[in-house]
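Scroll down for the structure; my scribbles are underneath it.
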Amino acid sequence: MRELNIPALQSGGIITNYHCTSRCGHCLYGCSPEWDRDCIDETTLKKILAKIKAMGGTSVHIGGGEPFLNTECLLMVVEQCFAAGVGVGYVETNSSWCVDQAKAREIIQALMEKGLRCLLISMSPFHNEYIPFKRVKTLIDICRQERMNDFPWVNSFYKEIESFDDGVAHSLSEYEAKYGPDYLAGLLNRYSIRIGGRAIETFSGVFNKSPAQQIVEQSSAGCRELTQTGHFHFDLFGNYIPGLCTGLSIKLEDLGSPLPGDKYPILTMLYNKGVAGLLEFAEKEYGFKVQDQYLEKCSLCFDIRRYLAIDCSVESQELNPVGIYKLP
């Protein structure tokens, strides 16, 4: 079999923590309040930054979870990035922490002193399920007053979210009641959502599923997505997440060289035989029972890997972090 190799990195980010105030229905990484409050440590961060530079990367974005839940850690991350010669394009935030305006202003000022120049401020019905829109608007106002660039993502949702009471959160069902039963389906492309993590369950009743056998027949050529580096992520544990495939990981020190098949059998299998190969392996070796239908190959792949990690307690560097598989 061919060995998976990721020789260079383009553009990506660092996940400082998986802990979050929200449990958004589209979240690729299944972040939630149930995650431990662990945040990336300085030693791991420095190793990640060195690897990024060695593999051609020049800048990153910083996200979570919600990185502002640990301001001290976030300030350290921004400072260390610039110290290592790696730029920070933006920090992502859901604005949940923006309650005390004076405190929020102090945090923005402290980040600017470290060199940060832009916040990506999440703006969507998914976030509005947990976060009153007033906090989002307040943070945008503070950024503009302090001359911190703001990047509302996605700004096209503004009028829809603003149509509700901005002092409280609003469920997706409220949006559907107001904007029609097809509203949720339309969010998929408007927000560039990837069917992975919690989005698998969120959209499972929205779109038609395909027979598992059909998906398998169309997915035997090998997953080339694993080599994509246009939007890569490292997490706080030093895991490199190949192709944004939630729950798969490559050890930091192994990145940049061909991955030996005996150390990375699942990734090697997916790279060479796709989800069809993984399914055959899971059925034969672990008694996996495939469902009749799935949304697409990624939801089938995630179902297999969750079975291996949770139901069979397979210990593998590749199936990390295990918390990803304990959704919701």
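The values are calculated or read from the model by the stated rules, or taken from the named source; none is laboratory data. Since we're looking at a predicted model, the values are computed, not measured. Counting neighbours? That spans all protein chains shown, and the Cβs are built from the backbone with ideal geometry, glycine included. Side chains are part of the model used for accessible areas, which takes the heavy atoms of the whole protein and leaves out ligands, DNA and RNA. Shrake-Rupley method; radii C 1.70, N 1.55, O 1.52, S 1.80 Å.
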Given the whole protein assembly as supplied and a 1.4 Å probe, what does the accessible area of His26 come to in Å², nearest 10?
30
dims of region 285-328, Cα set, principal axes, largest to smallest, nearest Å -> 27, 24, 17
Percent accessible area from carbon and sulfur atoms, region 173-328, protein chains only, probe 1.4 Å
47
If the viscosity is 1.567 mPa s and the temperature 4 °C, what translational diffusion coefficient in µm²/s does Stokes-Einstein give for region 38-92 when Rh comes from Kirkwood over Cα pairs?
115
To the nearest Å², the heavy-atom accessible area per residue of region 159-233 with 1.4 Å probe amounts to 53
Label-point gap, in nm, between Val322 and Gln10 - each point 7 angstrom along Cα→Cβ
3.5
Would you kindly work out the equivalent ellipsoid of the chain from its C-alpha gyration tensor and give its semi-axes, the square roots of five times the eigenvalues, largest first in whole Å?
34, 26, 15
Got a sec? Which residues in region 288-328 would a label at Ala221 touch, if it sits 7 Å along Cα→Cβ and we count backbone N under 15 Å?
297
Asp292-Ser210 pseudo-label distance in nm [points 7 Å out on the Cα-to-Cβ vector]:
1.9
Once you have a ≥ b ≥ c as the square roots of the Cα gyration tensor eigenvalues for region 11-52, tell me rounded if a/c is under 1.5, and otherwise prolate or oblate according to whether a/b is larger than b/c.
oblate
Using the alpha-carbon atoms, what tilt in degrees (0 to 90, nearest 10) does helix 297-306 show relative to the longest principal axis of the chain?
80
So if I restrict to the alpha-carbon atoms in region 93-217, what is the Rg, and what is Dmax, the biggest pairwise distance, in Å?
17.6, 58
Coordinate range along principal axes, alpha carbons of region 194-250, Å, largest first
36, 28, 18
For a quick check, take a GNM of the chain with Cα springs below 10 Å and name the residue from Ser96, Ser219, Ser192 with the largest mean-square fluctuation.
Ser192
Across Asp141, Asp292, Asp36, the residue with the highest GNM fluctuation in the chain (Cα network, 10 Å cutoff) is Asp292
How much area per residue is accessible in region 1-112 when the probe is 1.4 Å and only protein heavy atoms are counted (Å²)?
41
What is the extension gain from Arg190 to Glu283, computed as 0.36 nm multiplied by their sequence separation minus the C-alpha to C-alpha distance, in nm to one decimal?
29.8 nm
Kindly sort Asp311, Asp235, Asp100 by accessible area of their heavy atoms, largest first, with the probe set to 1.4 Å.
Asp311, Asp100, Asp235
Would you list Asp41, Asp303 from the most to the least accessible area, probe 1.4 Å?
Asp41, Asp303
When the convex hull of the Cα atoms of region 253-328 is projected onto a plane and the area is averaged over all directions, what value comes out in nm²?
5.7
In region 239-281, trypsin sites (Lys or Arg not before Pro) in a DSSP loop with at most 16 other beta-carbon atoms within 10 Å
Lys263
Rounded to the nearest 10 Å², the 1.4 Å probe accessible area of Tyr286 is 90
Compute a Gaussian network model of the chain, connecting alpha carbons closer than 10 Å, and tell me which residue from Ser122, Ser299, Ser171 fluctuates the most.
Ser171
Given the candidates Leu267, Leu327, Ser257, the one whose Cα lies deepest towards the positive end of the charge dipole of region 205-328, counting +1 at each Lys or Arg C-beta and -1 at each Asp or Glu C-beta, is Leu327
In Å, what Kirkwood hydrodynamic radius results for region 1-114 from the alpha-carbon pair distances?
15.1
Once you place label points 7 Å from the Cα toward the Cβ at Asp100 and Ser257, how far apart are they in nm?
4.9
So, taking all protein chains as they sit and a 1.4 Å probe, how much accessible area belongs to Ser257, in Å² rounded to tens?
60
Stretch Lys178-Asp141 to full length: gain in nm at 0.36 nm per residue minus the Cα-Cα span?
10.6 nm
What value, in deg cm²/dmol to 500, does the helix sum -39500 (n - 2.57) over DSSP H runs of n ≥ 4 give at 222 nm once divided by the residues of the chain?
-10500 deg cm²/dmol
By its C-alpha gyration tensor, with a ≥ b ≥ c as the square roots of the eigenvalues, how is region 145-235 shaped: rounded for a/c under 1.5, else prolate for a/b larger than b/c, else oblate?
oblate
